[in-house]
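Contents: one structure, followed by commentary.
Laboratory data are not the source of any read-out in this text; all were calculated from the coordinates shown. Note that the structure is a prediction, hence the values are computed from the model and not measured. When we count neighbours, we look across all protein chains shown, and the Cβ atoms used for this are built from the backbone with ideal geometry, even at glycine.
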Amino acid sequence: MTTNEPGLTRRKFAAGVIAALSAGGLAGKVRAEVPKQLAIDTHAHVFHHGLKLAPGRRYAPDYDAPLALYLQQLDQNGITNGVLVQPSFLGTDNSYLVECLKATNGRLRGIAVVDVAVTADELRTLDRAGIAGIRLNLVGQKLPDLASGEWTALLAEIRALDWQVEIQRNAGDLATLAPKLLDQGVKVVLDHFALPDPKLGADDPGFQSVLKLGATRNVWVKISAPYRNGPAGEAFAKQAYPLLRNAFGVDRLLWGSDWPHTQFEATQSYAKNRKFLDALVTDADERARVLASPRELFRF
């Protein structure tokens with residue numbers, strides 16, 4: 001299914017979902033044979049209308065993006081494994097995420113959203129279900145005091161589980177936040193090319209500071225969703241990729257589809273984003289390394 005037709009509406013997106021599911025059947029039936037070499041999509045979301053939405057959410061989609069359709073995208077694009085990231089509009093109720101992980105027998109991993117007061121037992125339960133880290137979606141949010149007692153306690157548990165902390169925030173703030181997380185011994189993943197100021201792109205001082213984090217070898221960057229970096233996002237991505245590769249190394253760069261491209265459904269599709277990876281990483285062997293590199297971080 002593609003979602004980049006001119007004039008596509010979310011209603012049409014939903015109709016396409018229904019048609020795809022009717023053709024594909026249950027989640028277990030849409031999984032076709034996949035290549036033996038690992039190719040991992042590290043950033044996608046699944047949801048449906050029946051789920052309880054978080055209070056105070058900034059946005060919620062008006063269509064379904066179910067597990068079966070996501071698995072179909074993987075199969076049609078030669079991707080062996082995926083990582084489901086808890087959508088911010090579902091808050092800290094990770095039950096549907098866990099349900100999806102259990103339904104796919106290890107093909108998928110998850111990134112949860114948790115309350116800072118979550119218990120160690122709750123985290124261990126998530127770990128057994130296939131969760132590999134937590135997400136801090138801090139866009140439009142007050143920055144947390146990572147040195148406070150409650151955050152120090154949570155990050156100690158994250159470190160003990162060998163999880164990651166994934167952050168979505170503008171590059172200027174990431175340059176400050178990431179070192180505070182690194183000081184507490186946790187792995188850090190930065191979303192969507194680290195989200196520099198779209199007007200400055202790679203010249204953003206915050207982005208330049210992010211590049212310096214590569215030397216720590218404990219920070220990863222998702223080369224995902226270039227369209228979230230402004231109208232010139234693809235051009236920026238092509239400029240940023242060699243800088244990120246040189247700073248972090250290929251093994252610290254993570255490709256993600258960002259499916260179903262929330263708020264960009266009319267211009268994006270899974271296939272389009274997978275094809276853009278070919279334009280971004282033109283060397284086939286290097287591209288294969290990027291697609292396989294998340295294996296250890298996500299414990300595939």
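Which listed residue (P294, A39, G110) has the Cα farthest towards the positive end of the charge dipole for the chain, taking +1 on Lys and Arg C-beta and -1 on Asp and Glu C-beta about the Cα centre?
So the residue furthest toward the plus end is A39.
Antiparallel DSSP bridges in the chain: what percent, to the nearest 5?
Here the share of antiparallel DSSP bridges comes out near 5 percent.
Return the long-range amide H neighbours of L84 (sequence gap of 5 or more, or a different chain), with a cut-off of under 5 Å between placed amide H atoms.
Result for L84 returns R109, G110, I111.
Taking θ as phi - 60°, what are the ³J(HN,Hα) couplings along the range 45-50 by the Karplus curve (6.51, -1.76, 1.60), each to the nearest whole Hz, with x for Gly and Pro?
Computed from phi, the couplings for the range 45-50 are 10, 10, 5, 8, 5, x Hz.
In the structure displayed, which of K52/K187; K222/K272; K187/K238; K180/K222; K187/K212; K238/K275 lie more than 22 Å apart, Cα to Cα?
From K52/K187; K222/K272; K187/K238; K180/K222; K187/K212; K238/K275, over 22 Å: K52/K187; K187/K238.
Which distance in nm do the two modelled labels at A288 and Q141 give, with both placed 7 Å along the Cα-to-Cβ direction?
Placing both labels 7 Å along Cα→Cβ, they lie 3.9 nm apart.
Going by how many other Cβ atoms sit within 10 Å of their own, how do T42, T125 line up, fewest first? Intermediate values should be presented prior to the final figure.
On the way: T42 30, T125 13.
In increasing order of surrounding Cβ atoms, one gets T125, T42.
Distance between the C-alpha centers of the range 246-264 and the range 48-82? Whole Å please.
First find each Cα centre; the distance between them is then 17 Å.
Can you show me the helix-derived [θ] at 222 nm for the chain, built from DSSP H runs with n ≥ 4 at -39,500 (n - 2.57) apiece and divided by the number of residues, rounded to the nearest 500. The partial results should precede the final answer.
Numbers: 11 runs with 119 residues, N = 300.
When only DSSP H runs of four or more count, the value is -12000 deg cm²/dmol.
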